Amino acid sequence: MNETALTVQQTARPTGFPTAGHFRFVESALPAPAPGELLVENLYWSVDPYHREMMDGAFALNAPLEGRTIGRVLESRAPGIAAGELVFHRAGWRTHSAVAAEQVRVLPQFEGVPLSAHLGILGGTGLTAYVGLTRIARLKEGQDVFVSAAAGGVGTATGRLARLLGARRLVGSAGSADKVKYLTEEVGYDAAFDYHDGPAAALLSEVAPDGIDLFVDNVGGEQLGAAVGALRQYGRIVRIGTIGQYNKPTLTPVPLDLSQIVEKSLRMEGFLVSDYRSVQDELYAFAVPHLRSGRIRSDETVVDGFGRIVEAFLGMMRGENTGKIIVRG
């Protein structure tokens, strides 16, 4: 066992796009678990768009960063959790964590399902997609769905789960021709477009000429305005993220026709997945049989080596990943 631990800290607040210079790796002795805590060797790390928002003020400078992580318990000073257990926790962006027992979740191990899926379609990414579709939008069988940033972690999970939940037609946007191809050939989207190719309203009209019932929005901006125009009567907008604005010091007003929200009786709602942790077991029951059968899979871009976690985060912010980006130790 390594006798030292590596931790990533944020050293400065970015203006616009962050760089490797906003982070540093700090070496220290292994943390010692206090009574009621666990010493966890981390195995997989999640890097997520929300980290960029946290960098503007929520993350303390020169302190360990937080993040979703899967690890193995090396030492337990808490009853009910034994050494060797695999756990999920949020004290990530470090190779080893001393974590209070109540802050971890012991992971079930599903035969035939990779452990990394607990950070992808079975983790916060998949739970976000599932809650958005079932609790916020209340997707009904036969409805048509548009997803922005559809080739990302939440976007691919949304497409796969929406199909299982009975969506009729799935359309998405992505940032390259290769990603558009991936969506239609691998994930199961009926059509997709590269948002660089022209005005969002025109591109959406081409792939969904008859309109949409539901918009799952990971981007905001122009695509949100286009979706409002394309939504049918009683349509819904699920607001998950605004990645298109995270690195912009000043926000561009969204070209949003508010009158259509009234005239078409539209509903727009955002949510935090942390408020829906009680739905986790329901997601397992729904998705695991389909993962085992091969009907769906967890879309992942895997980066090997904890020392590349900052590189993985910056690459994700540039849109270099397809599906959920995961760092593997």
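For the range 185-328, what's the relative contact order in percent, using C-alpha pairs closer than 8 Å and at least 6 residues apart?
Over the range 185-328, the number comes to 16 percent.
Nearest 10 degrees is fine. How inclined is helix 221-230 to the longest principal axis of the chain, computing both from alpha carbons?
Orientation of helix 221-230: about 40 degrees from the principal axis.
So how do I326, I261, I121 line up by other beta-carbon neighbours within 10 Å, fewest first?
Exposure proxy ranking, most exposed first: I261, I326, I121.
If you build a Gaussian network model of the chain, linking Cα atoms that sit under 10 Å apart, which residue out of N42, N218, N62 swings the most?
Judging by the Gaussian network model, the answer is N62.
Shape verdict for the range 222-320, please, from the Cα gyration tensor: rounded (a/c under 1.5), prolate (a/b greater than b/c) or oblate.
Judged from the Cα gyration tensor, the range 222-320 comes out oblate (a/c at least 1.5, b/c at or above a/b).
Using Cα pairs closer than 8 Å and at least 6 residues apart in sequence, work out the relative contact order for the chain, in percent.
18
Non-local amide H neighbours of G188 (under 5 Å, H modeled in plane, Pro and chain starts lacking H): which ones?
none
Divide the volume of the convex hull of the Cα atoms of the range 46-101 by its number of residues and quote the answer in cubic angstrom per residue.
So the per-residue hull volume is 85 Å³.
In whole Hz, with x marking every Gly and Pro, tabulate ³J(HN,Hα) for the range 286-299 from phi via Karplus 6.51 cos²θ - 1.76 cosθ + 1.60, θ = phi - 60°.
The phi angles translate into 7, 8, 4, x, 6, 5, 5, 6, x, 5, 10, 9, 8, 6 Hz.
Enumerate the amide H contacts of G172 below 5 Å, restricted to partners 5 or more residues apart or on another chain; note that Pro and chain-start residues carry no placed amide H.
V147, A191, A192, F193
Of the candidates G211, G84, G124, which one comes out as most mobile in a Gaussian network treatment of the chain with C-alpha springs shorter than 10 Å?
Most flexible of the set in this elastic network: G84.
According to the Kirkwood expression over distinct Cα-Cα pairs, how big is the hydrodynamic radius of the range 124-273, in Å?
One over the average 1/r among Cα pairs gives 14.9 Å for the range 124-273.
Grab the Cα-Cα distance for Q260 and A63, subtract it from 0.36 nm times how many residues apart they are, and report the gain in nm with one decimal.
66.3 nm
Which order results if V273, V302 are arranged by neighbouring Cβ count within 10 Å, fewest first?
Fewest-to-most Cβ neighbours within 10 Å comes out as V302, V273.
Kindly flag which residue pairs out of K264/K324; K181/K324; K140/K324 have an alpha-carbon separation exceeding 24 Å in this structure.
The pairs that break the limit, which is 24 Å between Cα atoms, are K264/K324; K140/K324.
Taking N as the number of residues in the range 1-54, what value does Rg over Cα atoms divided by 2.2 N^0.38 Å take?
1.44
Given 10 °C and 1.306 mPa s, how large is the Stokes-Einstein diffusion coefficient of the range 37-155 in µm²/s, with Rh as the Kirkwood radius over Cα pairs?
The calculation lands on 99 µm²/s.
To one decimal place, what orientation-averaged projected area in nm² is obtained for the convex hull of the Cα set of the chain?
16.6
Rounded to the nearest 500, what is the 222 nm mean residue ellipticity of the chain from helices alone, with -39500 (n - 2.57) per DSSP H run of 4+ residues and division by all residues? Don't skip to the end; give the middle numbers.
Values: 9 runs with 78 residues, N = 329.
Value at 222 nm, helices only, nearest 500: -6500 deg cm²/dmol.
Based on Cβ point charges of +1 for Lys and Arg and -1 for Asp and Glu, what charge dipole magnitude is obtained for the range 124-273 about its Cα centre, in debye rounded to the nearest 20? Let's see the in-between values first.
Working: 15 positive and 16 negative charges, 115 e Å.
The dipole of the range 124-273 has a size of about 560 debye.
Given the chain, what percent of its DSSP beta bridges are antiparallel, to the nearest 5?
Of all bridge pairs located within the chain, approximately 55 percent are antiparallel.
Sorted from fewest to most neighbouring beta carbons within 10 Å, what does the list K179, K264, K324 look like?
Fewest to most other Cβ atoms nearby, the residues stand as K264, K179, K324.
No lab work stands behind these numbers, since they all come straight from the coordinates. In this text, all values refer to a predicted model and were calculated from it rather than measured experimentally. Backbone-built Cβ (ideal geometry, glycine too); neighbour counts: all protein chains shown.
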